[in-house]
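The values are calculated or read from the model by the stated rules, or taken from the named source; none is laboratory data. Predicted model, so just to flag it, every value in this text is computed and none were measured. Using ideal geometry, Cβ is built from the backbone for each residue, glycine included, and neighbour counts are taken over all protein chains shown. These accessible areas exclude ligands, DNA and RNA; they are computed on the full protein's heavy atoms, side chains included. Shrake-Rupley method; radii C 1.70, N 1.55, O 1.52, S 1.80 Å.
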Amino acid sequence: MRFMRTFRRAILSVGACSGLLFLPVFSPPQPKDTQTVLLAAHRAGRIEVLEPATLASLGSIKVLPLADGIWSSPDGNFLYIPEGIPPDFKGCCALYALNLETKRMTRLIQPFGTAAFSPDGNHVVTQRGNVGIEVFNSRTLEQEPRISRSVAPGFYALSFSPDGSFLLGVTNSPPSLDIFDFVSRELVRRYPVSGDVSLLGAWVQHSFYLYSYHASDGQLWKVNPQSATLGLPLKVSFPDAAPHCAIHEEEMFGVGNRIFLYEAFGDKGDRRPGCKSLIAGGVLSIDPETGNILRRLGDDVHFNSLVPSPDGKELYGIDVRHPNDWDSVGLVRLDAETGRPLAKKELTPDVWFIDLASLPRKLVPHGELEAVHD
């Protein structure tokens with residue numbers, strides 16, 4: 001699940017292939033006929049469509065059982081949902097593309113592990129494990145030439161550059177950052193990281209940051225793609241009142257000029273059940289140029305996942321209140337500067353996933369709808 005969350009909302013900037021430079025690329029403004037919504041999917045097989053400011057319900061779509069994530073395509077025409085595998089829906093997962101206009105679900109691949117979407121909306125790349133990277137045309141849903149396992153041997157958290165030229169993958173098998181030329185399907189740079197560590201990655205403005213951690217000790221690199229090595233890292237220490245109960249799983253994303261880092265709760269790595277000490281929640285706001293922690297936000301909230309608003313002023317998170325048990329779960333909207341809660345919503349007991357999406361206004365679901373599937 002870690003890889004599936006890491007790059008859900010990453011914004012990447014990569015430039016000219018000849019020098020492998022990271023150059024600023026600016027996205028065009030959103031058309032006026034779009035509407036921003038918060039998508040919340042849960043295992044029972046339903047996608048709730050919420051108004052972001054109030055978290056009020058706008059509509060819902062019934063999908064297949066065992067939903068295990070939710071993403072929107074850049075143009076907002078498709079939703080991508082990992083679902084249980086029919087006919088018994090006991091195995092997880094297959095990746096489905098849901099056409100919001102026709103409400104038809106098309107199965108792309110199974111089993112499924114991770115995905116990323118090109119910024120022009122033309123491609124979705126997926127993995128079934130460390131077996132290479134498979135590519136689909138997101139307009140026709142037809143399969144295209146893949147990146148072979150000999151080129152891409154890891155199981156990656158994947159994301160595109162904004163111009164679609166490069167595909168970046170962070171893997172822990174073994175730990176490295178791999179950069180692929182998407183057109184030629186070739187590896188153009190590999191940055192290995194030594195030690196018994198876990199890796200995460202995030203873009204902040206036009207720079208990519210690689211983060212490694214073991215327990216509460218972390219290192220942060222600003223990647224210089226012209227260099228063959230990573231260089232010297234900054235030290236990032238995750239403040240922890242219970243260091244005798246080691247942190248198992250962290251998550252990271254970048255928005256605005258900050259990195260946000262948090263401990264993920266609610267999964268198998270949740271350390272609360274085995275620790276006698278109180279484990280604080282919250283999310284850390286970090287200056288990527290110094291590695292300094294600016295503030296800790298919402299330390300009474302135990303986040304399983306977080307997504308930022310495009311302007312970085314607000315954060316939306318899933319709060320799992322009980323260790324390894326989704327019987328008490330909520331949705332919160334926070335001020336990203338102060339941590340002040342702006343809205344809260346109680347959710348049905350279940351495992352939940354969220355994504356902030358900009359959809360064509362005419363395709364925003366209203367009322368209770370049901371998808372059809374192949």
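In the set L230, L220, L234, which member is in contact with a strand residue (DSSP E or B) (Cβ under 6 Å, 6 or more places away or on another chain), open to solvent by less than 70 Å² (accessible area, probe 1.4 Å) and over 21 Å from L167 (Cα atoms)? Give the derivation first.
Details: L230 fails: over 21 Å from L167 (Cα atoms); L220 fails: over 21 Å from L167 (Cα atoms).
Within the list L230, L220, L234, the selection yields L234.
Do any residues in the stretch 225-242 that are among the small types (G, A, S) have Cβ atoms under 9 Å from those of residues that are assigned to a loop (DSSP other than H, G, I, E, B) and open to solvent by 60 Å² or more (accessible area, probe 1.4 Å), where the two are at least six apart or on different chains, and which pairs are they?
Final answer for the pair search is G231/N224; A241/L278; A242/K276; A242/L278.
Might you check whether a residue that is more than 27 Å from H322 (Cα to Cα), assigned to a loop (DSSP other than H, G, I, E, B) and open to solvent by less than 60 Å² (accessible area, probe 1.4 Å) occurs anywhere in the stretch 207-214? Even if it seems obvious, please write down each step before you answer.
First, the residues of the stretch 207-214 that are more than 27 Å from H322 (Cα to Cα): 207-212.
Checking which are assigned to a loop (DSSP other than H, G, I, E, B) leaves us with none.
Checked against the condition, which is being more than 27 Å from H322 (Cα to Cα), assigned to a loop (DSSP other than H, G, I, E, B) and open to solvent by less than 60 Å² (accessible area, probe 1.4 Å), the stretch 207-214 yields no hits at all.
Provide a single number: the residues in the stretch 319-349 that are of a type in the set (D, E) and more than 24 Å from C275 (Cα to Cα).
Step one: of the stretch 319-349, the residues of a type in the set (D, E) are 319, 325, 327, 335, 337, 346.
Among the residues that remain, those that are also more than 24 Å from C275 (Cα to Cα) are: 335, 337, 346.
Number of matching residues: 3.
Do you know which residues across the stretch 33-45 are surrounded by fewer than 21 Cβ atoms within 10 Å (Cβ to Cβ) and of a type in the set (A, V, I, L, M, F, W, C)?
Listed by number, the list holds a single entry, A44.
Which condition from (1) among the hydrophobic types (A, V, I, L, M, F, W, C); (2) surrounded by fewer than 22 Cβ atoms within 10 Å (Cβ to Cβ); (3) part of a strand (DSSP E or B) is the one that I61 breaks?
(2)
Return the residues of the stretch 46-58 that are open to solvent by less than 10 Å² (accessible area, probe 1.4 Å) and assigned to a loop (DSSP other than H, G, I, E, B); say none if nothing qualifies. I'd like the intermediate steps shown before the answer.
So in the stretch 46-58, the residues open to solvent by less than 10 Å² (accessible area, probe 1.4 Å) come out as 47, 49-50, 55.
Scanning the stretch 46-58 gives a single hit, L55.
Output the residues belonging to the stretch 337-374 that are under 27 Å from R271 (Cβ atoms), buried (at least 16 other Cβ atoms within 10 Å of the Cβ) and in contact (Cβ under 8 Å) with a residue 60 or more places away in the chain.
Result: K345, L347, V351, W352, F353, I354, D355.
Would it be correct to say that Y262 is out of contact with any Pro (no Cβ under 7 Å at 6 or more places or on another chain), part of a strand (DSSP E or B) and under 19 Å from V332 (Cβ atoms)? Spell out the reasoning first.
Values: out of contact with any Pro (no Cβ under 7 Å at 6 or more places or on another chain): yes; part of a strand (DSSP E or B): yes; under 19 Å from V332 (Cβ atoms): yes.
Criteria met by Y262.
When the residues of the stretch 86-130 are filtered to those that are more than 26 Å from G59 (Cα to Cα) and charged (D, E, K, R), which remaining residue is modelled with the highest pLDDT?
Looking at the filtered set, the residue picked out is R128.
Could you identify the single residue in L315, L294 that is within 26 Å of W203 (Cβ to Cβ) and either open to solvent by less than 10 Å² (accessible area, probe 1.4 Å) or part of a loop (DSSP other than H, G, I, E, B) (or both)? Give the steps one after another, and end with the answer.
Values: L294 fails: either open to solvent by less than 10 Å² (accessible area, probe 1.4 Å) or part of a loop (DSSP other than H, G, I, E, B) (or both).
Of L315, L294, the one residue that is within 26 Å of W203 (Cβ to Cβ) and either open to solvent by less than 10 Å² (accessible area, probe 1.4 Å) or part of a loop (DSSP other than H, G, I, E, B) (or both) is L315.
Here is a check on your reading of the model: is E83 within 28 Å of K62 (Cα to Cα), in contact with a strand residue (DSSP E or B) (Cβ under 9 Å, 6 or more places away or on another chain) and open to solvent by 30 Å² or more (accessible area, probe 1.4 Å)?
Numbers: within 28 Å of K62 (Cα to Cα): yes; in contact with a strand residue (DSSP E or B) (Cβ under 9 Å, 6 or more places away or on another chain): yes; open to solvent by 30 Å² or more (accessible area, probe 1.4 Å): no.
No; evaluated as a whole, the condition is false for this residue.
Which residue pairs have Cβ atoms closer than 7 Å, lie 6 or more positions apart in sequence or on different chains, and pair a first residue in the stretch 264-285 that is closer than 15 Å to M252 by Cβ with a second residue that is of a type in the set (A, V, I, L, M) and surrounded by fewer than 17 Cβ atoms within 10 Å (Cβ to Cβ)?
If the second residue must be of a type in the set (A, V, I, L, M) and surrounded by fewer than 17 Cβ atoms within 10 Å (Cβ to Cβ), the pairs left are L284/I293; S285/L294.
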